[in-house]
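Working notes, structure below.
The values are calculated or read from the model by the stated rules, or taken from the named source; none is laboratory data. Nothing here was measured: the structure is a model prediction, and the numbers come from that model. Here the Cβ positions follow ideal geometry from the backbone for every residue, glycine too, while neighbour counts run over all protein chains shown. Side chains are part of the model used for accessible areas, which takes the heavy atoms of the whole protein and leaves out ligands, DNA and RNA. Shrake-Rupley method; radii C 1.70, N 1.55, O 1.52, S 1.80 Å.
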Amino acid sequence: MAIMGNPKYEARINQHLAKYETKRSAVMPLLFIAQEEYGWVNPDGINEVAQILNLDPTQVKSIAGFYTMYSEKPKGKYWLQVCTDLPCALKGADEFHAWLKEELGVQEGGTSGDGLFTVDHVMCLAACDKAPMMQCNFRYVENLDQDKTRELLAMWRAEAAQPDNGRG
Amino acid sequence: MHILLRGRDIKNIKQFDVYEKHGGFAGMKKALAMEPAEVIDVVKASGLRGRGGAGFPTGVKWSFIPQQEPVKFVTVNADESETGTFKDREIMEENPYQLIEGSLICAYAIQAKAVYIYLRGEFWDIGDQLDECIEALREKGYVGKNIMGAGYDCEVYTHLGAGAYICGEESALLNSLEGYLGQPRVRPPFPAQKGGGLYKEATVVNNVETLANVPFILSEGADAFKAIGTEQSTGNKIYCVSGHVKRPGNYELPMGATFRQLLYEQAGGPLHDDRPFKAMLPSGGSGPMVPLTDEVLDTPMSYEDCANIGTIIGSASIIVMDETVDMTWVASKVTKFFKHESCGKCTPCREGTYWLDKVIDRILDGRGTPDDVKRIADVAENMAGTTLCALGDFAANPIIHTIRHFPDDFAQHVQA
């Protein structure tokens, strides 16, 4: 389904359009809505956002490409992003990141065979006192170790096995 | 006493009734009874300086706004992305009304039409909470038309970034908010000037912690605020401690407390008792590294005293490293951060961070030469001061100061 004319998003889109002085200012929130609908910022989403804001799709795509939270390719159902920046790395984040990829059998930026987990690393997420940490679909999970992470993975696998369960 | 992290002392202060019962909005009531220019004078007299890192006097910044301009804005910098910084997050999570009150006082003082709170995208849940607070305030008549019956109108909005450190730089933040790439602007015109701010209107851009200080300054008075801290660095500061300490976290102390008080009394000293401290980055990845000598430990954490030991207090994001840490590896980590976060606009930063990263990787791999160490110092020195924003200088700092203080850490990788 599209985001334009979709009753699920209509109120939110209008709210964003109302709060800025220009339509163009709403490009970031609308790209988040497109990502929510399609799971990534796909060409349909780019075109719809451009149409709503009277922008050229190229202009919208440049915004999507500049900011790291917009994904320009499909991801697993759970996008795990480990902070490996200095404060986290001092507390073992690099080793944790390597272990997590091995545990899930993925390369950096890759997705597990069951399509559930994509793993990559990110820069500082402002959670340095709770290292190691990562975000899963932009929700923080902190003070991680292998045991706690195995429990989380099991929980997400069980959640994904439920019928009609949405993203994250 | 906490002025900022009051969520630790007062249960449920994130609820409006609790916040108001504990003195919330008393500062704003006082401000609304004053002339806008008087409010600016009070903030000037308090000596409050910007808590985002630069330390610019807040009241002076507000006074740059041309009063005759019909449209003005306040933009709150809640992009908190400096490596090692996690203070604004706690303010907004645990004491959100204080930030909004401070923002509204600023808005009244410059007669702004609206406040935009620019949050890093990962803080979407904090944005949701702030939106709820804003709606609650609207119902009370504290946001919107005729605020508190004082005849002043102002809207407050939140905006989410989407993962770009550079948007913490004020002109890049404004571009991002307008729907453009988050890249710094050529200045002048400065944000406070017509043509330089949000939608080309005069705009104050202040950090979350800065504005969260303002309600106290109005309700208790400039003298009460100045009584805390040192002569040139007034008030409390939140210090974010991370790395090799026993108790990492946020600590709110007066400016002028010493690094020793913070790192030993508050943060519990070295993580492992048998591994003494080696060095710290006192202002996240961007400030100059200093060795943790006794002299440094006994230095007061103020703008002026940190300048004396060759560093800055900046955002006070103190990353602590013990003796096991190889400073070449630290330089590499911080360089990878800036390489990733360089917006690509200015050549010295875009190319410089790329080459620094490449050569440091070579040094760490054992393929470097003593000339490579000189080369990265040379590249870094040629980046500093040559870019539109401070990111170029920030990226040069970890190289220049790390080599200066820890030459042996580099030499060990390049000797045959």
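The table below gives the values:
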{"read-out": "Projected-area average for segment B:1-48 over all orientations - Cα convex hull basis, square nanometres", "value": "4.0"}
{"read-out": "Heavy-atom surface of segment B:327-411, accessible at 1.4 Å and reported per residue (Å²)", "value": "43"}
{"read-out": "Rg to Rh, two decimals, where segment B:87-183 supplies the alpha carbon set and Rh follows Kirkwood", "value": "0.98"}
{"read-out": "Accessible surface of segment A:100-161 [probe 1.4 Å, protein heavy atoms]: carbon and sulfur percent", "value": "46"}
{"read-out": "Cα-based convex hull volume of segment A:7-66 per residue, rounded to whole Å³", "value": "73"}
{"read-out": "Interface B:A - total buried accessible surface [probe 1.4 Å, Å², rounded to 100]", "value": "3700"}
{"read-out": "Occluded residues from segment B:171-210, i.e. those whose accessible area drops by 10 Å² or more once the chain is not alone (1.4 Å probe)", "value": "B:Ser176, B:Leu177, B:Glu178, B:Gly179, B:Tyr180, B:Leu181, B:Gly182, B:Tyr199"}
{"read-out": "With Cα atoms, 0 to 90° folded angle of helix A:57-66 axis to chain A main axis", "value": "20"}
{"read-out": "Rg over Rh [alpha-carbon atoms, Kirkwood Rh] for segment A:78-161", "value": "0.94"}
{"read-out": "Accessible surface, per residue, of chain A when the full set of protein chains is kept, probe 1.4 Å, Å²", "value": "44"}
{"read-out": "Positive-pole candidate from B:Ala45, B:Ala26, B:Ile10, dipole of segment B:1-48, charges at beta carbon", "value": "B:Ile10"}
{"read-out": "In degrees, nearest ten, helix B:370-383 long axis to first principal axis of chain B (Cα)", "value": "20"}
{"read-out": "Heavy-atom surface of segment B:231-306, accessible at 1.4 Å and reported per residue (Å²)", "value": "32"}
{"read-out": "Rg/Rg_globular for chain A, with Rg_globular taken as 2.2 N^0.38 Å and Rg from C-alpha atoms", "value": "1.15"}
{"read-out": "Binned Cα-Cα distance frequencies in the protein assembly as shown - 10 Å width, integer %", "value": "3, 17, 27, 28, 18, 6, 1, 0"}
{"read-out": "Accessible surface of segment B:246-352, 1.4 Å probe, proportion on carbon and sulfur as whole %", "value": "49"}
{"read-out": "Accessible surface of B:Trp329 - all protein chains present, 1.4 Å probe, nearest 10 Å²", "value": "70"}
{"read-out": "Extension gain from B:Lys194 to B:Lys11, taking 0.36 nm per residue of separation minus the Cα-Cα distance", "value": "61.6 nm"}
{"read-out": "Degrees between helix B:96-110 axis and first principal axis of chain B (Cα, 0 to 90, nearest 10)", "value": "70"}
{"read-out": "P(r) histogram, all alpha-carbon pairs of segment B:172-306 included - 10 Å bins from 0, percent", "value": "11, 30, 26, 24, 9, 1"}
{"read-out": "Rounded FRET efficiency, nearest 0.05, which uses the C-beta distance separating B:Asp274 from A:Asp44 and R0 of 56 Å", "value": "0.45"}
{"read-out": "Chain B - mean residue ellipticity at 222 nm from DSSP helices (-39,500 (n - 2.57) per run, n ≥ 4, rounded to 500)", "value": "-12000 deg cm²/dmol"}
{"read-out": "Listing of segment A:21-70 residues, each with accessible area lower by at least 50 Å² in the full protein assembly than in the chain alone (probe 1.4 Å)", "value": "A:Glu21, A:Arg24, A:Ser25, A:Met28, A:Phe66, A:Tyr67, A:Thr68, A:Met69"}
{"read-out": "A:Asn6-B:Glu93 FRET efficiency (beta carbon distance; Förster radius 25 Å; 0.05 resolution)", "value": "0.20"}
{"read-out": "R0 of 35 Å, Cβ-Cβ distance B:Ala37-B:Ala224: FRET efficiency to nearest 0.05", "value": "0.95"}
{"read-out": "Kirkwood-Stokes translational diffusion coefficient of segment B:153-228, alpha-carbon pairs, 20 °C, 1.002 mPa s, µm²/s", "value": "151"}
{"read-out": "Per-selection Rg to Rh, chain B - Cα, Kirkwood hydrodynamic radius", "value": "0.99"}
{"read-out": "Compactness relative to 2.2 N^0.38 Å, alpha carbon Rg of segment B:327-411", "value": "0.98"}
{"read-out": "Residues in segment B:117-138 that, when all protein chains are in place, have 10 Å² or more less accessible area than the chain alone would give (probe 1.4 Å)", "value": "B:Arg120, B:Gly121, B:Glu122, B:Phe123, B:Trp124"}
{"read-out": "Segment A:7-66, relative contact order [Cα under 8 Å, separation at least 6], %", "value": "27"}
{"read-out": "Within the accessible area of segment B:31-97 (1.4 Å probe), percent carbon and sulfur", "value": "56"}
{"read-out": "Between segment A:29-55 and segment B:228-254, the Cα center-to-center distance that results, in Å", "value": "42"}
{"read-out": "B:Phe338 accessible area, 1.4 Å probe, all protein chains in place, Å² to nearest 10", "value": "0"}
